[in-house]
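J.: Have a look at this one before I ask anything.
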Amino acid sequence: MMQWQSQNSSPYNWQGTGQQPSGGQQTGLPRVKGPEMNDRDRINDVLATEKYLTTAYNVAVNEASTEQLYQTQLSLLNELHQCQRDLYNLMQRRGWYKVDQAMPQAISQAAQQFTNYQTQFPYS
């Protein structure tokens, strides 16, 4: 069951009730998830769909035949990106989307590596 919040205009800002274990004995063993979808599964499915849609809209924007079509598709693409970001933030807040923090030294090394690649570009 989903409970919608009216604070944000995003349709993906919800608070689900989650899947609570039904009254049974606790054995100390990890529970194996059944085939039913819980809130995490639903949100993850919608996030995957958003990623697919943004890829498709990127192509559509690039191939738009008129300026009006280009602007319309670009606007829709921006909305999709915002929805995708909202879903990502929701999943991260709930601990469902974990991202390892990069060490500053690793960031500097990657930045230097890609800066060096720029010298290989013909139009830099």
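Taken together, the values in this text are just the output of simple stated rules run on the coordinates, not laboratory data. Because the structure is predicted, anything quoted here is derived from the model rather than measured. We place every Cβ from the backbone using ideal geometry, glycine too, and count neighbours over all the protein chains shown.
J.: Less than 12 Å from a label point 7 Å out along the Cα-to-Cβ axis of A64: which backbone N atoms in the range 82-124 qualify, by residue?
T.: Nothing falls inside the zone, counting backbone N under 12 Å.
J.: Report Rg(Cα)/(2.2 N^0.38 Å) for the range 37-94, keeping two decimals. Don't skip to the answer; put the middle values down first.
T.: On the way: Rg = 13.5 Å, N = 58, 2.2 N^0.38 = 10.3 Å.
It is 1.31.
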